[in-house]
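The next block holds one structure in the form of structure tokens; read it before the comments.
Laboratory data are not the source of any read-out in this text; all were calculated from the coordinates shown. Quick caveat: nothing in here was measured; it's all calculated off a predicted structure. Counting neighbours? That spans all protein chains shown, and the Cβs are built from the backbone with ideal geometry, glycine included.
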Amino acid sequence: MPDPTSDNPKRSATKKFMQFSGMAMEMGILIFVGAWLGKQVDHYFHLPKPYFLLTGTLLFTLAAIYRVVRDLR
């Protein structure tokens, strides 16, 4: 009877795929939230240019990159 705790290469590959898929989803969601919040603030203040949209997108992109780097360590 095989030991369920042993490292199965197929299971390991699936685990890594799920881990990286989760990171990609998290990154996309973070960037979307930053852009959405920035757009809402721009709309609230009736700004002629999308200053907060750009700032929110940039900040949340940096936060997403930081989380990916931290998770890969």
Quiz item: In Å, the Kirkwood hydrodynamic radius of the chain over pairs of distinct alpha carbons?
Solution: 14.5
Practice problem: Rounded to whole Hz and in sequence order, give me ³J(HN,Hα) for the stretch 40-50 from the Karplus expression 6.51 cos²θ - 1.76 cosθ + 1.60, θ = phi - 60°, writing x for Gly and Pro. | Solution: 5, 5, 4, 5, 4, 8, 6, 7, x, 10, x
Practice problem: For LYS39, go through the lysines and keep the ones whose alpha-carbon is under 24 Å away, minus same-chain ones fewer than eight residues off. | Solution: LYS49
Exercise. With runs of 4+ DSSP H residues as the only contributors, calculate the mean residue ellipticity of the chain at 222 nm using -39,500 (n - 2.57) per run, divided by the residue total and rounded to the nearest 500.
Key: -29000 deg cm²/dmol
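With a 10 Å Cβ neighbour count serving as the proxy for reagent exposure, in which order, fewest first, do LEU58, LEU53, LEU37 appear?
Working: LEU58 14, LEU53 20, LEU37 17.
Least to most surrounded, the residues fall as LEU58, LEU37, LEU53.
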Quiz item: Residue by residue, what Karplus-based ³J(HN,Hα) values in Hz, rounded to whole numbers, does the stretch 9-22 have, using 6.51, -1.76 and 1.60 with θ = phi - 60° and x for Gly and Pro?
Solution: x, 5, 5, 5, 5, 5, 4, 5, 4, 5, 4, 6, 5, x
Practice problem: In debye, nearest 20, what is the charge dipole magnitude of the chain about its Cα centre with +1 on Lys and Arg Cβ and -1 on Asp and Glu Cβ, if you could check? | Solution: 100
